[in-house]
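Have a look at the structure below before the remarks.
Quick note: the coordinates plus some simple rules give every number you see, no bench work behind them. The structure displayed is predicted, hence computed values, not measured ones. In this analysis, Cβ positions are derived from the backbone assuming ideal geometry, glycine residues included, and neighbour counts consider all displayed protein chains.
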Amino acid sequence: MADNITINIVDQVGRIDAVLAKETLPYSRTTLSDWLLEGNVLVNGTQVKRSYKVSSGDVVTITPPEIKDTEILAENIPLDIVYEDDDLLVVNKPQGMVVHPAAGHTTGTLVNALMYHSPLSTINGEFRPGIVHRIDRDTSGLLMVAKNDSAHQALSAQLKAHKNQRIYIALVRGEFQEDTGTISAPLARHKVDRKKQAVTEGGREAITHFQVLKRFVGYTLLKVRLETGRTHQIRVHMTYIGHPIVGDPVYGNAQKLPNVSLNGQLLHAKTLSLTQPTTAEQLTFDSVLPDYFDQALATLTPIIRKDENNGK
């Protein structure tokens, strides 16, 4: 069981849920919000609502719930392990694999496979052991996993401080005139469809940087760097600027390619950098595009601009 956490309010202002989200904590905003409702977060020893506004001198105590015996089974599922040490793993997740068990997906997940392979941190509870950050089921690529709680806390702090580099490759609909750009548009849960995210005034800050890698007739291949890591961030941001990711069934109306069968969005987490929690060594990992991604690109017609071909 994780130790209790005490936070002394000095100059922090605002709602308790927003204040906790800004603290360097190894828990997601959603988890903390749930714990407020369940009484695992107390202010001056008393349960408060999420809308409670903190005052100087308040003492916030976070008591993570005791982890119950899990019914999640370890499964001998092959893993593409890019790196492993005593603190963490970096795995290359295939498209179609769910990261952790949830309703409708209790087996065959990355967590089921990880539990068979290694001990995992307990911070995120019984259904998400070891999971520091997620990528969507139909997004492939690199993911870091914590083997113990101290490593989990360190890796989570790196993510919160934007010290990790996370680079994705995406094929999007439409042709870009610009070579680089930044999308800064806040995200929040969709007001109607609660399973989706949307650009919403007053939402959480979300910043995505992109660079054109290659142009095709009707499509563009992008290198995308996350500055923040909100749920579905790249997928929502690309749709927001009118360039949905090819194959995205949720935000892109399953944008299709002629004569190509796709099983989800063409989005791959290609590069990941982190600081090793114990040694402080800077580590960078890279991966190749999956075969289906390369095969999809091979069906497209490249565009060569004059300025990219020495003016010819």
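A protection proxy built from the mean count of other Cβ atoms within 10 Å ranks the segments 264-270, 116-122, most packed first, as 264-270, 116-122.
With a ≥ b ≥ c the root eigenvalues of the C-alpha gyration tensor of the stretch 197-307, is it rounded (a/c under 1.5), prolate (a/b larger than b/c) or oblate? Oblate, because a/c is 1.5 or more while a/b does not exceed b/c. Label positions at ASP294 and GLN282, each projected 7 Å from the Cα along the C-beta direction, are separated by 3.0 nm. Can you work out the PRE-style zone for THR301? Point 7 Å along Cα to Cβ, and I want the residues of the stretch 231-258 with backbone N under 14 Å. Under cut-off, by backbone N: 258.
From helices alone, the chain scores -4500 deg cm²/dmol at 222 nm; the rule is -39500 (n - 2.57) for each run of n ≥ 4 DSSP H residues, then divide by the residue total. Based on C-alpha pairs under 8 angstrom that are at least 6 apart in sequence, the chain has a relative contact order of 14 percent. Put simply, when 77-89, 277-289 are sorted by average Cβ atoms within 10 angstrom per residue, most first, you get 77-89, 277-289.
Among 143-151, 106-114, 160-168, the peptide with the highest mean count of other Cβ atoms within 10 Å heads the list, and the full ranking is 143-151, 106-114, 160-168. Which of rounded, prolate, oblate describes the stretch 67-161, given a ≥ b ≥ c as roots of the alpha-carbon gyration tensor eigenvalues and a/c under 1.5 marking rounded, otherwise prolate only if a/b is larger than b/c? Because its axes are fairly even, with a/c under 1.5, the stretch 67-161 counts as rounded. Classification of the stretch 5-62 by its C-alpha gyration tensor yields a rounded form. The axis ratio a/c (a ≥ b ≥ c) stays under 1.5.
Gain on full extension, evaluated as 0.36 nm per residue between LYS163 and THR63 minus their Cα-Cα distance, stands at 33.3 nm.
Net charge near ASN263: determine it from the other residues with C-beta under 13 Å of the C-beta of ASN263, scoring Lys and Arg +1 and Asp and Glu -1.
On the way: positive: ARG137, LYS256; negative: ASP136, ASP138, ASP248, ASP291.
Local charge sum for ASN263: -2.
Comparing VAL217, VAL132, VAL41 in a Gaussian network model of the chain (Cα springs below 10 Å), the most mobile by mean-square fluctuation is VAL217. Of the complete DSSP H runs in the chain, none spans 20 angstrom or more by Cα along the long axis with a mean Kyte-Doolittle score not below 1.0.
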